[in-house]
1. How many of the residues making up the range 193-212 are crowded, with 20+ Cβ neighbours inside 10 Å and under 15 Å from S137 (Cα atoms)?
2. Conditions first: (1) away from ligand 1 (no atom under 16 Å from the Cβ); (2) farther than 30 Å from D628 by Cβ. C311 passes all but one, so which condition is the exception?
3. Applying the selection to the range 374-388, what residues are near ligand 1 (Cβ under 10 Å from one of its atoms) and more than 8 Å from the chain's Cα centre (by Cα)?
4. Are there any helices (runs of 4 or more DSSP H) wholly within the range 471-556 with 2 or more residues that are under 22 Å from G274 (Cα atoms) and aliphatic (A, V, I, L, M), and if so which?
5. Considering each of P252, P256, P281 in turn, give the residue that is outside the structural domain of E590 (by TED's automatic domain parsing), within 27 Å of Y27 (Cβ to Cβ), surrounded by fewer than 20 Cβ atoms within 10 Å (Cβ to Cβ) and not basic (K, R).
6. Quick check on this structure: which one of G358, G324, G346 is more than 9 Å from ligand 1 (Cβ to nearest atom), at positive phi and in contact with a Ser or Thr (Cβ under 8 Å, 6 or more places away or on another chain)?
7. Being in contact with an Asp or Glu (Cβ under 8 Å, 6 or more places away or on another chain), farther than 26 Å from C618 by Cβ, without any contact (Cβ under 8 Å) to a residue 60 or more places away in the chain and in a loop (DSSP other than H, G, I, E, B) narrows it down to one residue among G357, G346; which is it?
8. Quick check: is even one residue across the range 332-341 touching a Ser or Thr at 6+ places or on another chain (Cβ under 8 Å) and closer than 30 Å to R157 by Cβ?
Amino acid sequence: MTSLLQAQTPTRETFWLIGPIGEAVFYYLAVVTVLVFGALAYRRFARYTDGTDDPFDRLDALPKRIVSAAKIVGSNEKQFNRDFVGGLMHSFILWGFLTLLIGTTILMIDMDFYRKITAAMGTEQSFFEGAFYLSYSFVMDAMGLLFVVGLGVALYRRYVTRNERLWGRHTSAEDGYLVWMLFLLGVGGYLVEGVRILASGFPDFETVSFVGWFVADVFGLVGVTESMATTIYPLAWWSHALLAFVFIASIPLAKPFHMISSFANVVTRDEKAGIRLPGVPEDASPDEIGASDIEDFSWKQLLDHDACTKCGRCSSVCPAKASGRPLDPRDVILDLREYRKELDAGRTESKPIIADGGTSVIDSSTMDSCMACMACMDACPVEIEHVTQFTEMNRRLTESGQMTETVQEAMMNVFQNGNTFGDPERKRPDWVDDLDFEVPDAREEPVEYLWYVGDYPSYDERNQEVAKSLATILEAADVSYGILYDDEQNDGNDIRRVGEEGLYEMLVEDNVAQFEDCEFESIVCTDPHSFNTFTNEYPEFGWNEDGEIDVYHYTQLVQELVPQLGLTGSELDYTVTYHDPCHLGRFNDEYEAPRELVRQTGCELHEMPRNRANSYCCGGGGGGLWMDLEEETKPSEERLREALEDTDAGAEIETFVVACPMCMTMYEDGRKTGGFEDDIEIVGLSELLAEAVTADTMVADD
Ligand code: SF4
Ligand code: SF4
């Protein structure tokens, strides 16, 4: 036996008191563990090949993808979002775990390679001594402490404060298993270290292992002697080693697998997931459109299911769930995962993925509830792409004629009249008759800006005011612009999101043909939904692939035109808040142009707690505008309450500014049904700007 007391240089013997037989058994078990882990992990990854090909290239520029994923995962940026303690906790666990893993690997390199190679060359050497050993021991102790603290917080949040989002329909023993196993491994490591330090007589240099030293002190205080520690040490060492082997071998079987699957999911993410939806293969028969069986999901979507950590962040931000609609995005992902597991184990019969009436894995009412707002995807720390999967299920519902009646009606209206209102095409430009100037016809003359007005600003009475205001601004800025009059058709963004891909493709074809018949340099959209699909999806159909035509949301263009509008920044004095539309903000990252414009009018702008990427959907996206859903609280009412009660600095908001026609419709409705009519006005940003511009003109006239 080598006593560490006598060691001249700071170091420790790796298999101290374990003996050569123990060492051989350890290596044997380590090999078995690695083989079991490898076989189980291979089985899980092999299962993904049963999925369909993914329409996007997920493995291009792999080294770049890995570096970028490492940054996302390593920074824990998504975990910090809306939950600072959760972010800190996860950072401690992740970085503590990685340090311990790297430390163990370094030890293995010294023990199994460096020493053996140097011994073969004549003199056995080890770098696990002296200054290296001291710094190694200090770093391992410090990071291990963070690891244990992080796990302690995780246990506290799960079992003491019972953080609501951690508990759900799919919470099971595996969730506790992960946290408890890691906690026991972390604490166990310190116990073994404490026993070792005590058994080796507290060598001075071991003070660098300050946690282990403290544990050894505590053992000493409660009466554990050096010889008792020497007896206990092999037992403690083996318990710790065996626990580690069990944990490693079981990683692919349960939640610990997320350590691998989640990282793989982040590596293979699609930056534009949900923003641009995948198309349907040209040769797909009606039966093959959408998801009928679990294998109809792509390999990446199957990986998505396995990557879910059940953290509940998606569900906690989902407006459909909050309003009492029958949708919980986490449950949908986990229902699909559970179904696949049960099916593979022969514990369930094959059934349709989605249908009416409770006979399927997912009920159709769940998908009807989704607003395609992307809040779930924005919140998900492991980049699960809910919306693309939900679209696959919506496509199946559509193909099998299981759409709700009101959506069916909207689709029929679009098919027959090119708009969701079902009004004749010739009435589309009627709103221009109220203006005291001519709106140029882009079909008749070349223009710089082709203004795509959109369905709601064209046909909906309230939104026609938004269109008239924007026309007033464009006139005031004296730019060259024009509209398509009755040749404009629905942009298709939301048609696509309810799953009507065929109709969407028809609209793309018609709109593109119309665009190609006109001469213009840029397109400006009133509606962020049009802006999204023109920017991100039409190019997939061959239009503007090279990005030569600039596509603007009107707030972006007007921001450029401000110098021509002659605003002084003091025209208006309302106290306002601004609601970020999902399709402009979360989808397309435009948060500042609208805010800048509000300030240019002189209004005092205050923020709601949920702003920018954390904005809360009005409830109209994903076809919500066309549905009559049962809700406990409408998202629009909840949002208006937030504006009135929670805005920063307790500001008394009198005006709720929107930059999306659909939001206008939803909030005008919520204002009535929620009883807010006397409290707040809903104003389109173009209306606010037109008021400011007109106020200037009137002053100039005076
Ligand atoms: S897209 Fe929006 S509504 Fe749909 S599941 Fe995600 S958060 Fe909920
Ligand atoms: S889908 Fe993402 S956000 Fe939702 S529970 Fe799973 S890991 Fe968390």
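1. If we filter the range 193-212 for residues that are crowded, with 20+ Cβ neighbours inside 10 Å, which is where we start, we get 193-200, 206, 209, 212.
Narrowing the set further to residues that are under 15 Å from S137 (Cα atoms) leaves 193-194, 196-197, 206, 209, 212.
Residues meeting the conditions: 7.
2. (1)
3. H386, V387, listed by residue number.
4. On the way: elements: 493-497, 501-517, 528-532.
Hits in the range 471-556: 501-517.
5. Numbers: P252 fails: surrounded by fewer than 20 Cβ atoms within 10 Å (Cβ to Cβ); P281 fails: within 27 Å of Y27 (Cβ to Cβ).
P256 is the lone residue from the list that is outside the structural domain of E590 (by TED's automatic domain parsing), within 27 Å of Y27 (Cβ to Cβ), surrounded by fewer than 20 Cβ atoms within 10 Å (Cβ to Cβ) and not basic (K, R).
6. Details: G358 fails: in contact with a Ser or Thr (Cβ under 8 Å, 6 or more places away or on another chain); G346 fails: in contact with a Ser or Thr (Cβ under 8 Å, 6 or more places away or on another chain).
So the residue among G358, G324, G346 that is more than 9 Å from ligand 1 (Cβ to nearest atom), at positive phi and in contact with a Ser or Thr (Cβ under 8 Å, 6 or more places away or on another chain) is G324.
7. On the way: G346 fails: in contact with an Asp or Glu (Cβ under 8 Å, 6 or more places away or on another chain).
Unique residue meeting the criteria: G357.
8. In the first step, residues of the range 332-341 are kept if they are touching a Ser or Thr at 6+ places or on another chain (Cβ under 8 Å); the result is 332, 339.
From what's left, closer than 30 Å to R157 by Cβ: 332, 339.
Yes, the range 332-341 contains at least one residue that is touching a Ser or Thr at 6+ places or on another chain (Cβ under 8 Å) and closer than 30 Å to R157 by Cβ.
The values are calculated or read from the model by the stated rules, or taken from the named source; none is laboratory data. Since we're looking at a predicted model, the values are computed, not measured. We place every Cβ from the backbone using ideal geometry, glycine too, and count neighbours over all the protein chains shown.
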